[in-house]
Amino acid sequence: MTADSTAAASQPQEGNVSRSASAGRETNPGRDGQADGAPVADVLLSLRGISKHFGPVTALDDVNLDIPAGRVTALIGDNGAGKSTLIKVIAGIHEADHGEIYWSGERVAIRTPHDATQLGVATVYQDLALCDNLDIVANMFLGVEIRRHRLLDETPMELKAKETLAGLSVTSVRSIRQPVGSLSGGQRQSVAVARAVMGDAKLVVMDEPTAALGVSQTAMVLELIQGLAASGIGVIVISHNLIDVFSVADHMAILYLGRLVSAGPASDYDRQSAVEIMTTGASSERQNGAPAAI
Ligand SMILES: Nc1ncnc2c1ncn2[C@@H]1O[C@H](COP(=O)(O)OP(=O)(O)OP(=O)(O)O)[C@@H](O)[C@H]1O
Ligand SMILES: [Mg+2]
C-alpha cells in the first residue's frame, strides 16, 4: 500500500478548513491534469506527482499534496527528507522534473521565483536575508522602493511598513527606523514575514521560523503564523520542533526519503506518531485526510 494515491489526495479537504470566496468555482486536478469537476474550494495549491532528482539522488518522488488557504500546514520529515526541495519547487527555485502544479484549481508553471511571486507565493528562508545595517523600512522595501522624481519617497514606505506590521499585530518594535541588526530574533522574523506579505501574498512558506528563537520570541512568531492563517493566507511551515508544529498546525504533511508518506488533519497525529512516521516512513494510511488506496 502506498500513500500516494492521487484519488485520495484529490479529495476535498476535511471540514475544518475555511470556505473561500470562490467556493464551487474551482475544479479538481487529477493526475492527468484534467479537471474532473469535483469542487475543491479550500485548496489554494495542489501538487500532483511532483518528482525532483539531483543526479542519482531522488529528492522528491511522486509527491501529491493539497495546501488549503487560511490554514497552517506543517511540512515535517527527517534530515534529507526533501522538505527544502519541495518548498524550492513551490518558490520557483527548482523546477520539478515531473508533475503538475495547480493554483486555485488552475494548472500553472512555476519556473522562476518571479512566477511564484506573481501567483502570490512568499517564501521566508531560514536566514531571513535581511540587511542588518538597514532599518526596518529599508529592509521591507529592498528592491521594491517607492520613488518620486527618482528620489526615495519615504512617507508612503513608512506608512505601508507601519500598516503591514500593525496588520500582523507586531507591536513590540520601538521604531520602524530602527536598524534590523538591533532587533531580537523574533522581531527579525516578523520583519521578514512583513516583507513577504507586503505584496499580495496568498501563500507564505516559512523554513524553520523558530529554530533560533527563545521561548517568548517563539511564542510571538507562532502567534504571527496563526494570525496569517486567520487572515485567509495559506501557510506552510517547515520545522523540526514538534512542540511548535503541534501548537500551530492545522494539517500535517510528512516526507520520508522524498516521498509524502502521510498527510492529514494535525488532530489525527501526536508527537509520538509523527516521529515514528518521520523516522520509519511507516504510515501510509492517509494523505490529506483521506484514506489512501490499498
Ligand atoms: N542542490 C542540490 N544538489 C544535489 N543534491 C541535493 C540538492 N539539494 C538537495 N539535495 C539532496 O536532496 C535530498 C533532499 O534534500 P533537502 O534539502 O530537500 O532535505 P530537507 O528535508 O530539507 O533536509 P534538512 O532537514 O536537513 O534541511 C538530500 O538527499 C539532499 O542531499
Ligand atoms: Mg532543509
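The values are calculated or read from the model by the stated rules, or taken from the named source; none is laboratory data. Nothing here was measured: the structure is a model prediction, and the numbers come from that model. Because the Cβ atoms are built from the backbone with ideal geometry, glycine has one as well, and the counts that use them run over all protein chains shown.
For this structure, a couple of remarks:
- Just one residue in the set G281, G234 is away from ligand 2 (no atom under 16 Å from the Cβ), outside the structural domain of T171 (by TED's automatic domain parsing), surrounded by fewer than 23 Cβ atoms within 10 Å (Cβ to Cβ) and under 19 Å from S84 (Cβ atoms); that residue is G281.
- Segment 58-87 residues that are of a type in the set (V, I, T), paired with ones that are more than 15 Å from ligand 1 (Cβ to nearest atom) and part of a loop (DSSP other than H, G, I, E, B) (beta carbon under 6 Å, 6 or more apart): V72/A249; V72/D250
- Applying the criterion of being outside any strand (DSSP E or B) and polar (S, T, N, Q) to the residues of segment 232-265, the residue that is nearest to ligand 1 (Cβ to nearest atom) is S239.
- Failed condition for I90, given (1) under 20 Å from G234 (Cα atoms); (2) buried (at least 20 other Cβ atoms within 10 Å of the Cβ); (3) within 16 Å of ligand 2 (Cβ to nearest atom); (4) more than 11 Å from the chain's Cα centre (by Cα): (4)
Yes or no, residue by residue, for (1) at pLDDT below 95; (2) part of a helix (DSSP H, G or I); (3) on the phi < 0 side of the Ramachandran plot:
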position	(1), (2), (3)
G33	yes, no, no
A41	yes, no, yes
A59	no, no, yes
D66	no, no, yes
A74	no, no, yes
V89	no, yes, yes
I93	yes, no, yes
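- The set of residues from segment 205-231 being within 16 Å of ligand 1 (Cβ to nearest atom), aliphatic (A, V, I, L, M) and crowded, with 22+ Cβ neighbours inside 10 Å comprises V205, M206.
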